[in-house]
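Contents: one structure, followed by commentary.
Computed from the coordinates by the stated procedures, all read-outs in this text should not be read as laboratory data. All figures in this text were calculated on a predicted structure; none of them were measured in a lab. Counting neighbours? That spans all protein chains shown, and the Cβs are built from the backbone with ideal geometry, glycine included.
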Amino acid sequence: MALLLLLNYFLAQYDKLILSYFQIEVMRDLRLTSTQYGLLSGYATGIVSALSAIPIAFVADYSGTRLWTLTAAALWWNICCIFQGYSHTFWQMFLARLAMSIGQSPVEALSVSLISDFVPTRWLFLIESFLYVGVYIGEAVSAQIATAFGRTHTPWNDALKAIGQQEQSLANLIRQQQDFPTRRAILSSALRETMRLSPPVIGVMRRVTQTVRLTNPGSDRNSTTSHIVPAAHDAWLYFVAANRDPDVFARPTEFCWDRFMRQGAEVPTDEDCGIAFGLGPKHCLGADLTREICLTVAETVMESGLAIKGGGQVVEGVKAWLGWEAHAGPEAMTRDLKQLPCQRPRDPVMVTVTHAK
Ligand code: HEM
C-alpha cells in the first residue's frame, strides 16, 4: 500500500513537471507568450492545487472515502493530461491544467492520512519520509522520460496523451485496495460496544401514570410475552436487557469491537447502538461530551504506548444484575445489590423492555 501511494504521489508530481521539458515546443505550437507559459506551469497548478486540497481532502477523510477519492482524482488528472495533448490554444491548455491540479490536490493529504492509520506509530516517520521521496523521484523520472521522448522525436502532445493513458492502470490498482478505518472510528465503535454491554447507568426509573400494556413489536396484545404495568408503579427500565435484545443485535452477548463501524459518512446514532445515556426527551445532555472525553483518553493512552490489562472482579449478584449471567434468577440478581430494581409498591414488578428498531 505504501508503495502504491508513493507511486501515485510520484506520478502526480511527474505529470505536473513534464510540460516544462517541452517548453519550447509547446510555446511554439500554441503561440504562447512567456506570461501565458508562466501561468500554465506555475499559477494554474500550484495555487489551485493548494486551495482545492483543503476541502477535498477534508471531506474525503471525514466521510471515509479516501481510496475512492484517490482513485477518482487519479482518473480525473489522467484524463486532463490526455486533454492537454489535444489542446490547440492557450485557453484549452490552461483549463486542462487547472482541472488536472484539482485532481492532484488531495493526493498528499490523503496519502498521509491513510499512512497514519495503517502504519504503527513508531514506523510513521519512516513511511512518511518514504512517501515524500516521491517528489524527487517525480522530478528525476520526468526528466528521463522527456529525454527519451526527445530522442525518439515524439511530439509533446503525443507524449502527454501516452502518459495519461498509461497511468489509468495505477488508478485501478488503488481502487482495488481496502480502505483502512481511522483509529478514531475503531475506538468509537469499541467504546459504543462497551457501553452496550456494560452501560455505566444500568437503567432508569419511571413512575407509571396510567396502566399500560407492553407488547413486543409484532406480537399479539394477548400474547404471553406482553406485560401489564399498573398505574402508580415505579417501573425500572433495564438498559442491560434492552442492549442484549436478540431482535436488535446479532450475537447479543458477545463483545464485537467492530459492531458499530460504518462505511462512509454515516455515524451511528444512540438508537442504533444500545442505550447507555437514555433515549427520548430525557436523553443525556452530556452524552457527546462524555464520549469525546473517553475517546480522547483512549487515544492518549494508545499514543503514549501505555498498556492496560486486567479488570476488577465483579461479585456474583451484581454480575447477574448487569446481565453477565444469562440464566440468573431474581435471587441471584438481588444478592449483592444496594438498591432494588423496584422501589414501589411493596410487591416488586420487573418490566423487561426490549429495544425495538
Ligand atoms: C458516563 C457518563 C454518563 C452517563 C452514563 C449518563 C447517563 C445518563 C442517563 C441514562 C440519563 C437519562 C436519565 C433518565 O432518562 O431519567 C442522563 C440524563 C442526563 N445527563 Fe447524563 N450521563 C453521563 C454523563 C453526563 C454528563 C457529563 C453530563 C453533563 C455535562 C450529563 C448531563 C445529563 C443531564 C442534564 C441529564 C438529564 C436530561 C433530561 O432530563 O432532560 N450526563 N444521563
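What list of ³J(HN,Hα) couplings, whole Hz, do you get for the range 230-247 from phi and the Karplus terms 6.51, -1.76, 1.60, once you set θ to phi - 60° and write x for glycine and proline?
x, 4, 6, 8, 9, 9, 9, 8, 8, 4, 4, 6, 4, 6, 10, 5, x, 6
Which of 227, 153, 88 comes first, and how do the rest follow, when ranked by fewest Cβ neighbours within 10 Å?
By the 10 Å Cβ count, ascending, the order reads 153, 88, 227.
What residues qualify as long-range amide H neighbours of residue 203, i.e. H under 5 Å apart, gap of 5 or more or another chain, H built at 1.01 Å from N?
Here 239 satisfy the definition.
Take residue 35 and residue 253, extend 7 Å from each Cα along the Cα→Cβ direction, and tell me the distance between the two endpoints in nm.
The two pseudo-label positions are separated by 7.9 nm.
Rank the residues 255, 118 as a footprinting-exposure proxy: fewest other Cβ atoms within 10 Å of their Cβ go first.
Placing the least packed residue first, the sequence is 255, 118.
To the nearest 20 debye, what charge dipole does the range 2-176 have about its Cα centre, counting +1 at the Cβ of each Lys and Arg and -1 at the Cβ of each Asp and Glu?
That gives a dipole near 180 debye.
Express in nm, to one decimal, how much length is gained between residue 95 and residue 137 on full extension, taking 0.36 nm for each residue of separation and deducting their alpha carbon distance.
Answer, rounded to one decimal: 12.5 nm.
Suppose the chain between residue 165 and residue 302 were pulled fully straight at 0.36 nm per residue; how much longer would it get relative to their current alpha carbon spacing?
Difference between extended and current length: 45.0 nm.
If Lys and Arg each add +1 and Asp and Glu each add -1, what is the summed charge of the other residues whose beta carbon sits under 14 Å from the beta carbon of residue 96?
Summing Lys/Arg as +1 and Asp/Glu as -1 gives +2.
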